[in-house]
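The values are calculated or read from the model by the stated rules, or taken from the named source; none is laboratory data. The structure displayed is predicted, hence computed values, not measured ones. Note: ideal-geometry Cβ built from the backbone for every residue, glycine included; neighbour counts use all protein chains shown.
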Amino acid sequence: MRFLFTTLTIIWLVFGWICYRALQPEPPVPVPWHAAQALQSTTPERIENDIARDSLMLSADNMTTIERAKIHYFLAKSYWMKTYLQDTRIKQVACLELSLRECLAALKYFPEDPLILYSTADLYHQLKKYDEAKPYYDKALKLEPDNPHFLRRYYEMLEESGRQVTDKPSTVKE
C-alpha cells in the first residue's frame, strides 16, 4: 500500500509540474534590432492614437487605392511597434497577427510595393512562418535587389529556419 501511495504521489507531482509549466506564459521576445530605433522615437500613447486615427480613416469612402494602401501600411506599422510593448509572448503574437492582416490588406491595393512586401515577409518571419515569408522576401528583393535591410533580414530568416545561408533569393541576379 505504501508503494502504491508513493507511486501515485510521484505521478501527481509530475502531472502538476507539467500543468504548471504548460500554463506559464512565455516571456516576451526582446525588441529586435530593426524595431529598436522606431520604438525610441515614439511613445505608447502615440502608437495608440495612431491606431485609432488610422482605423477611423479607413472608414472614409473618398480615398484612392494608394491612400488606402498607405493607411493599411501605417496601421500595420503601429501594430508592429505595439508588439514590443506587450508583456507576454501571447500578446506579442496577437499584435504581429494584426499587423500582418493590415499588410496583407495593403497588398490588395498595391501589390508591387517593395516596402509592403518586405514588411509582410518580415511579419511572417517574426511569427516563425518561414515558408510563407520566403515568397514575399523574394518579391521584395526582385524589386529592390540591393536593399541591405531586406537582404539582412532575408539571410537572418534563412539562418533561423535552418536553410542554406549561402542560398541567394530566387529573384536576385548573380
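Residue under question is residue 8, and the condition is that it be modelled with pLDDT of 90 or more and either part of a helix (DSSP H, G or I) or under 20 Å from residue 157 (Cα atoms) (or both); does it hold?
Taking the combined requirement at face value, the residue does not satisfy it.
Can you tell me which residue in segment 138-174 is modelled with the lowest pLDDT, limited to those that are in a loop (DSSP other than H, G, I, E, B) and among the hydrophobic types (A, V, I, L, M, F, W, C)?
This residue is 172.
Which residues, taken from segment 33-61, are of a type in the set (Ser, Thr, Tyr) and either in a helix (DSSP H, G or I) or not assigned by TED's automatic domain parsing to the domain that holds residue 94 (or both)?
Within segment 33-61, just 55 meets the criteria.
Would you please name the residue that is farthest from residue 70 (Cα to Cα), looking only at residues in segment 81-117 that are in contact with an Asp or Glu (Cβ under 8 Å, 6 or more places away or on another chain) and without any contact (Cβ under 8 Å) to a residue 60 or more places away in the chain?
Looking at the filtered set, the residue picked out is 82.
Pairs needed: first member in segment 36-63, among the β-branched types (Val, Ile, Thr); second member anywhere, assigned to a helix (DSSP H, G or I) and surrounded by 14 or more Cβ atoms within 10 Å (Cβ to Cβ); C-beta distance under 6 Å; at least 6 residues apart or different chains.
Matching pairs, first to second residue: 47/78; 47/81; 47/82; 51/78.
Check 88, 9, 83, 64 and return the single one that is under 20 Å from the mean Cα position of the chain (by Cα), more than 24 Å from residue 137 (Cβ to Cβ) and not assigned by TED's automatic domain parsing to the domain that holds residue 128.
That would be 88, the only listed residue that is under 20 Å from the mean Cα position of the chain (by Cα), more than 24 Å from residue 137 (Cβ to Cβ) and not assigned by TED's automatic domain parsing to the domain that holds residue 128.
If you go through segment 72-96 one residue at a time, how many are charged (D, E, K, R) and either crowded, with 20+ Cβ neighbours inside 10 Å or closer than 15 Å to residue 32 by Cβ (or both)?
Residues in segment 72-96 being charged (D, E, K, R) and either crowded, with 20+ Cβ neighbours inside 10 Å or closer than 15 Å to residue 32 by Cβ (or both): 3 in total.
Under 6 Å between Cβ atoms, which residue pairs at least 6 apart in sequence (or on different chains) link something in segment 121-138 that is within 17 Å of residue 107 (Cα to Cα) with a partner that is outside any helix (DSSP H, G or I) and not hydrophobic (A, V, I, L, M, F, W, C)?
Partner pairs satisfying both residue conditions: 138/169; 138/170; 138/171.
Quick one: residue 43 ticks every box in (1) surrounded by 12 or more Cβ atoms within 10 Å (Cβ to Cβ); (2) over 25 Å from residue 109 (Cβ atoms) bar one, so which box is it?
Exception for residue 43: condition (1).
Looking at (1) among the charged types (D, E, K, R); (2) loosely packed, with under 11 Cβ neighbours inside 10 Å; (3) in a helix (DSSP H, G or I), find the lone condition where residue 67 falls short.
(2)
Looking at segment 97-112, which of its residues are at pLDDT below 95 and crowded, with 19+ Cβ neighbours inside 10 Å?
If the condition is that a residue be at pLDDT below 95 and crowded, with 19+ Cβ neighbours inside 10 Å, then 109 is the only one that fits.
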